[in-house]
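Below is one structure, written out as structure tokens; comments come after it.
The values are calculated or read from the model by the stated rules, or taken from the named source; none is laboratory data. Remember, it's a predicted structure, so these values are computed and weren't measured experimentally. Reconstructed Cβ throughout: ideal geometry from the backbone, glycine too, with neighbour counts over all protein chains shown. To get the accessible areas, we keep the full protein, side chains included, count just its heavy atoms, and leave off ligands, DNA and RNA. Shrake-Rupley method; radii C 1.70, N 1.55, O 1.52, S 1.80 Å.
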Amino acid sequence: MREKELIVYRDFEDGELLSDMTGLMESIGRLEKEGEKAREEWKEKRVLLYNCMHGLLEMAGHHGFCGNLWHCYLTNLLVNNENSYSMACEIRGNVEGTINQAALHDIAIFKEWYDYDFKGMTDCLDIPEFCLVLCYDGCRQESKVYHTRICKRICELAVRFSKNRSPEEMKDTLTEFYKEYGVGKFGLHKAFRIVHDDSGAMIKPIQNIAHVHLDDLVGYEIPKRKLIENTEAFVEGRKANNCLLYGDAGTGKSSSIKAIANAYYGKGLRIIEVYKHQFKDLNDVIAQVKKRNYKFIIYMDDLSFEEFETEYKYLKAVIEGGLEKKPENVLIYATSNRRHLIKETFADKEGRRDQLHSSDTVQEKLSLVSRFGVTVFFCAPDKRQFQEIVIVLAERYGINMPKEKLLLEANQWELAHGGLSGRTAQQFIDYLLGKGGGWNENIRGN
């Protein structure tokens, strides 16, 4: 079968459906010649085509695809297949060399599949229902696999492929996609988590990341600017530092990281979230990403260590101190409520606990934070700043209340709900929006 003749594009994650469909294409002509002699095989092929229809419809529901589902399926295979050609093209675009001829050979085969006329097959097998998967109207539900924008882009790419007049033109269209979005999970997703199984550390996409933008974070202009400057230097290939965001709870440290992921995704930035118990997997994770054409931030949220926790030693070695140099496309960003990350006691500085060199204990605990070249402080707002945040958020969400009443309610709320912070202000606004039934005269809508 033709998929066995592919050179570069192989080992598809969902390749069984491709084998079934291409097998049907190649067997129809033979069955037509054999006629009644192949009656039982006709029945088998008919059942197989219905099974393929089921697979395409399931894919549409899971991925959020619409239109010609056969074309969407083929497109999804192409944009997810990580091979020598696609990975060379990601972010950089056209590449030189013989690999282009091998890729063109494969694209020519895909072009045959795109251009295949199913009328003969459906007439022979008497399955007019197949037209449902060739013009599928989705139910507008969100994709369980892709961000809405990426899902839409894949459907649009399928339409463009169907209009390409030659394999060369189709290859150019695909290469353009690789340059703009990349390939595979790292190209089509913003954020990732680590899953450890029997085979080791696996990097898995996070399907839904909060759509936080830097402008959504009211105030904190100086900390945001410091974070933005370091991140922009990183994605532009200039020297950048590991970054520690520390300060009071609810001040926007984690939200700033999410906003950075959203803001610089288009420039090749990806975020990998790692927890303390996964630090032993850091070297494995870095090995999987160091040769890709993306910039990776390894993100550690709410990072801190008690005296009995020693996982920070793994982190120290990865950041700086091991024999292997940290790749230039990897930085570490962490958030913490503690400036020095590791719990300190007066006993450490006073030389108690029978230690001859108390300064060594202090230096051991400070050595981790010193490996972060940029530290950004997020402090809790004072009363005036808190009220300014509330006013801006109320205007943004369309809450039309007298200013005096709004601030009075906000002050009462913060006294009972965690004190002065941006998080408390947002929770207060959410509370007002949640009371929509009783605030109709004050809320214009979001």
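Annotations
- In the range 165-189, the residue that is surrounded by the fewest Cβ atoms within 10 Å (Cβ to Cβ) out of those that are β-branched (Val, Ile, Thr) and over 18 Å from the mean Cα position of the chain (by Cα) is 173.
- The residues of the range 127-163 that are open to solvent by 90 Å² or more (accessible area, probe 1.4 Å), outside any helix (DSSP H, G or I) and farther than 21 Å from residue 207 by Cβ, listed by number, are 135, 137.
- Looking across the range 156-181, the residues that are over 24 Å from residue 116 (Cα atoms) and in contact with a helix residue (DSSP H, G or I) (Cβ under 7 Å, 6 or more places away or on another chain) come down to 178, 179, 181.
- Considering 365, 326, 343, 349, the condition of being charged (D, E, K, R) and at pLDDT 70 or above is satisfied by 326 alone.
- Of everything in the range 110-126 that is surrounded by 18 or more Cβ atoms within 10 Å (Cβ to Cβ) and of a type outside the set (Phe, Trp, Tyr), the residue that is farthest from residue 63 (Cα to Cα) is 125.
- Condition check for residue 100: at pLDDT 95 or above and in contact with a Ser or Thr (Cβ under 8 Å, 6 or more places away or on another chain): no
- Restricted to the range 190-205, and to residues there that are touching a residue at least 12 places away in the same chain (Cβ under 8 Å) and of a type in the set (Gly, Ala, Ser), the residue that is surrounded by the most Cβ atoms within 10 Å (Cβ to Cβ) is 191.
- Considering (1) part of a strand (DSSP E or B); (2) charged (D, E, K, R); (3) modelled with pLDDT under 90, the lone condition that residue 270 does not fulfil carries the number (3).
- Residue list for the range 368-406, restricted to those being among the small types (Gly, Ala, Ser) and either assigned to a strand (DSSP E or B) or in contact with a Cys (Cβ under 9 Å, 6 or more places away or on another chain) (or both): 373
- Checking each residue in the range 190-239 for being more than 27 Å from residue 373 (Cα to Cα) and over 21 Å from the mean Cα position of the chain (by Cα) picks out 198, 199.
- Within the range 235-265, considering residues that are modelled with pLDDT of 90 or more and β-branched (Val, Ile, Thr), the one surrounded by the fewest Cβ atoms within 10 Å (Cβ to Cβ): 235
- Only residues that are farther than 22 Å from residue 180 by Cα, touching a Pro at 6+ places or on another chain (Cβ under 8 Å) and open to solvent by less than 10 Å² (accessible area, probe 1.4 Å) were counted across the range 93-109, and they come to 0.
- Residue identified as more than 30 Å from residue 41 (Cβ to Cβ), of a type outside the set (Lys, Arg) and either assigned to a strand (DSSP E or B) or in contact with a Phe, Trp or Tyr (Cβ under 6 Å, 6 or more places away or on another chain) (or both) among 195, 218: 195
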